[in-house]
1. Pick from segment 66-107 the residues that are assigned to a loop (DSSP other than H, G, I, E, B) and aliphatic (A, V, I, L, M): which of them is modelled with the highest pLDDT?
2. Looking only at segment 30-80, count how many residues are farther than 20 Å from Asn105 by Cα and not charged (D, E, K, R).
3. Suppose we filter segment 36-51 for residues that are hydrophobic (A, V, I, L, M, F, W, C) and open to solvent by less than 50 Å² (accessible area, probe 1.4 Å); how many remain?
4. For segment 52-61, what are the residues that are open to solvent by 90 Å² or more (accessible area, probe 1.4 Å) and closer than 17 Å to Leu92 by Cβ?
Amino acid sequence: MALKKTTLQQIIESIQAKFNLSAQAENTHYQQMPAFQLKLFIEQAIQKHKPLSLCLTDLEGHEFVATGFISKNKNNDQIFTVADLYGGISHLIMFAQIKYVKIVNFS
């Protein structure tokens, strides 16, 4: 019985450690990517229709994440729309608000 308890405790500790690692990864503050790199990644995501996760800043410097498909405004190349993966919420953003971009992998 004592052996089963320690095995169960090890499993629980392992699950908690993985959860803590994923929670820390979600709260990581991203460094500002260079503008040329942001433009390259965004253009590739638009051309290949890949979903992105963008770290954005508001006027007060607060960071938030928007995930979805990005598209460029036809009249102004500094304005983008990020459509939610499920079609629910769309974000209208300026290029200057984008801090970090990464491709979303569904695995």
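The values are calculated or read from the model by the stated rules, or taken from the named source; none is laboratory data. What you are looking at is a predicted structure, and each value in this text was computed from that prediction instead of being measured. Reconstructed Cβ throughout: ideal geometry from the backbone, glycine too, with neighbour counts over all protein chains shown. When the accessible area is computed, the model is the full protein with side chains, heavy atoms only, and any ligands, DNA or RNA have been set aside. Shrake-Rupley method; radii C 1.70, N 1.55, O 1.52, S 1.80 Å.
1. Val104
2. Here the count works out to 15.
3. The first filter runs over segment 36-51 and keeps only residues hydrophobic (A, V, I, L, M, F, W, C), leaving 36, 38, 40-42, 45-46.
Adding the requirement that they be open to solvent by less than 50 Å² (accessible area, probe 1.4 Å) leaves 38, 42, 45.
Residues flagged as hydrophobic (A, V, I, L, M, F, W, C) and open to solvent by less than 50 Å² (accessible area, probe 1.4 Å) within segment 36-51 amount to 3.
4. Selection gives Leu59 alone.
A quick yes/no check of all residues on (1) free of Cβ contacts under 8 Å to residues at least 12 places away in the same chain; (2) closer than 14 Å to Tyr30 by Cα; (3) open to solvent by 60 Å² or more (accessible area, probe 1.4 Å):
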{"position": "Lys72", "(1), (2), (3)": "no, no, yes"}
{"position": "Ala83", "(1), (2), (3)": "no, no, no"}
{"position": "Lys102", "(1), (2), (3)": "no, yes, yes"}
{"position": "Asn105", "(1), (2), (3)": "yes, no, yes"}
